[in-house]
Every structure is written in structure tokens, then in C-alpha cells.
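> Below: one structure in C-alpha cells.
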Amino acid sequence: MRIDIITIFPDYFAPLDLSLIGKARASGLLDIRMHDLRSWTHDRHNTVDDTPYGGGPGMVMKPEPWGEALDAVTADAGPNVPRLILPTPSGVPFTQERADRLSAEPWLVFACGRYEGIDSRVAAYAAQQMPVEELSIGDYVLAGGESATLVIVEAVARLLPGVLGNAESAAQDSFAPGAMENLVEGPVYTKPVLWRGQEVPSVLLSGNHGAVERWRRDEALRKTARNRPELMAAIPADHLDRRDQEVIREARLQTGPESMAD
Ligand code: ADE
């Protein structure tokens, strides 16, 4: 997969040299190219922002450098246009399902806005040339799209074949399509069996795979009930067996039906 990132802070992306993504880049699985937006400015101060029409606080990113940057980065596209990702708090929620779909794309371009955002004509112009997605990584406002881009790139890149050491682990993630409904993952343990007075649950040492699977599902149900009641409420009743329903009932009794996320 090829990824181009356009930003006024190329240094922000140093983490993409590390760990799994660094290795994927070194091996050629991932071709990530950084571009400094200011290289498409033409004034002495390399200006990328200006005051908003209509008034209001803050500054808006000027369209001209963005237009030139997108033209230059996609110049060698031919018929294979990239998908443009615009991270913004006003975008569509970024989810594991969307990460999965993006991981099947051959080429992504990220445009990292700062200040109050990019002049809206840039997205409209880009949409005439390529598919465009505005994505939000959560209901909070970051200082710019750079950290959101890091999040999206990591979530997408780890799904590429050959990037994770163990292909199974992506399939078993919380929220993975086809994973245990939409349950979050329960607790995990490794050696030693006894640590600071705490023992690993004995079922995990039993060698009884059926019992281990049942215990993992119980724990996933408990944690989902506690931390993500809205996910629990969305599970169709016919996806829950009698044991599931018993575990959920107990979890509700322990925390109270209204206060589970508090
Ligand atoms: N830029 C600023 N806040 C953001 C958010 N929550 N998601 C994506 N991009 C952003």
C-alpha cells in the first residue's frame, strides 16, 4: 500500500519509522511518503493560513497550497487515483470496519488540516478527481489532523497481510468484523502463574479449550456490560445463549442497569 501524508509538520510522523510500521516500510510492504505543505507556498513567509470569511476566531488554511499539493502528489496517478482522507472532528466516525475497508485500498492520501480547518473548496475540488472521506477519530477536538492521521495509518497498516506477526491476532481484535459480536476483549495473562499475590485464573491452565472459550466469552460480556453498555444493548437477543444472558444479568446486578459506564 502507498500512503502520502501532506502536513505542515512532517517531523510529527517520526513514529512511523518504529515497530511494526517501521518494519513494514523497510520491507517494502508499505510505501509512506511525507510532504511539507509549505513547499507549495510562494511567499517569503510560506503562508498557509488566513482569516476566515464571515469573521470568527482562528485562521483557515488557504486553498492554493493545498490545491497545488494535491495536484503534485497525485500527478503520477494515471487511472489509479488514490482515496483522499481528510481527518476532521466533523467527519464520519472512524471505526474498525472502516479501517478494514481502507486496508484494501492500494493508495491513500492524508491531508492534515490545522487551525480552524482547510478552506472547504479544497475538498470539493478533490472530490472531482478522487474519492474523498472526511473521518473523525472521536468526539473531541485535536489541535490538528496529524495525530488523527497517525491513529488511522496505524489501525489500517496493521491489517495489511504480513504486517502483524500473527495474522490471527487481528481477526480476534475487539470490533474485528466477525469477532465475538461487538464485544470488547476480556483480560489476558502470561507467566508467572502467581504474581504479587495474584493468580492467573485456573481455567486458563486447565487445557480445556471449551472451558477457556466459555470463560473468555463470559469475561468479554462482563467487560462490555461494564464499559460499553451501548454495545451490549445493540447485540440481537438471538445472538445470546442462556449462559450469556445469565452473565449479563449478574453483571447488571453488580453495577446497576443505569450506572454501568460510571
Ligand atoms: N482533527 C481535529 N480533531 C480531530 C478528530 N477528533 N478526528 C480527526 N481529525 C481531527
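> For segment 1-56, enumerate the residues that are over 22 Å from SER103 (Cα atoms) and open to solvent by less than 20 Å² (accessible area, probe 1.4 Å). Even if it seems obvious, please write down each step before you answer.
From segment 1-56, those over 22 Å from SER103 (Cα atoms) are 8-12, 36-56; that's our starting set.
Once the filter is applied, which keeps residues that are over 22 Å from SER103 (Cα atoms) and open to solvent by less than 20 Å² (accessible area, probe 1.4 Å), segment 1-56 yields ILE8, LEU37, THR41, VAL48.
> Scan segment 194-224 for residues that are open to solvent by 70 Å² or more (accessible area, probe 1.4 Å) and hydrophobic (A, V, I, L, M, F, W, C) and report the count.
So the count comes out to 3.
> Right, here's the next one. Can you tell me which residue is surrounded by the fewest Cβ atoms within 10 Å (Cβ to Cβ) among those in segment 84-106 that are within 15 Å of the ligand (Cβ to nearest atom) and among the hydrophobic types (A, V, I, L, M, F, W, C)?
Result: VAL92.
> Does any residue in segment 88-100 that is assigned to a strand (DSSP E or B) come within less than 6 Å, Cβ to Cβ, of a residue that is open to solvent by less than 60 Å² (accessible area, probe 1.4 Å) and of a type outside the set (A, V, I, L, M, F, W, C) six or more places away or on a different chain, and which pairs are these?
PRO89/SER136; GLY91/SER136; PRO93/SER136
> When you go through VAL109, VAL81 one by one, which is the residue that is modelled with pLDDT of 95 or more, open to solvent by less than 10 Å² (accessible area, probe 1.4 Å) and not in a helix (DSSP H, G or I)?
When all the criteria are applied, what remains is VAL109.
> Another question, if that's okay. Take the conditions modelled with pLDDT of 95 or more and among the charged types (D, E, K, R) and apply them to ASP173. Does it pass?
Working: modelled with pLDDT of 95 or more: no; among the charged types (D, E, K, R): yes.
In short, no.
> Follow-up. What about GLU181, is it touching a His at 6+ places or on another chain (Cβ under 6 Å) and touching a residue at least 12 places away in the same chain (Cβ under 8 Å)?
So GLU181 passes the test.
> Can I ask one more? Any idea which of (1) crowded, with 20+ Cβ neighbours inside 10 Å; (2) within 14 Å of the ligand (Cβ to nearest atom); (3) within 27 Å of ASP17 (Cβ to Cβ) is the one GLY117 doesn't satisfy?
Exception for GLY117: condition (3).
> If I filter segment 120-129 down to residues being buried (at least 16 other Cβ atoms within 10 Å of the Cβ) and in contact (Cβ under 8 Å) with a residue 40 or more places away in the chain, which single residue comes out as farthest from the ligand (Cβ to nearest atom)?
Across segment 120-129, the extreme among qualifying residues is TYR125.
> Here are some residues: ALA148, ALA176, ALA155, ALA170. Which one is away from the ligand (no atom under 16 Å from the Cβ) and not in a loop (DSSP other than H, G, I, E, B)?
Residue meeting the stated conditions: ALA170.
> Consider only pairs whose beta carbons are under 8 Å apart and that are at least six residues apart or on different chains; among these, list those whose first residue lies in segment 225-237 and is open to solvent by 80 Å² or more (accessible area, probe 1.4 Å) and whose second residue is assigned to a helix (DSSP H, G or I).
These pairs meet every condition: ARG226/ALA251; ARG226/THR255.
> Separate question: Being within 12 Å of the ligand (Cβ to nearest atom), under 19 Å from ASP4 (Cα atoms), in contact (Cβ under 8 Å) with a residue 24 or more places away in the chain and open to solvent by less than 30 Å² (accessible area, probe 1.4 Å) is the requirement here; does GLU134 meet it?
Answer is no for this residue.
The values are calculated or read from the model by the stated rules, or taken from the named source; none is laboratory data. The model shown is predicted, which means the values in this text are computed figures rather than measured ones. All Cβ positions, glycine included, derive from the backbone under ideal geometry; neighbour counts span all protein chains shown. To get the accessible areas, we keep the full protein, side chains included, count just its heavy atoms, and leave off ligands, DNA and RNA. Shrake-Rupley method; radii C 1.70, N 1.55, O 1.52, S 1.80 Å.
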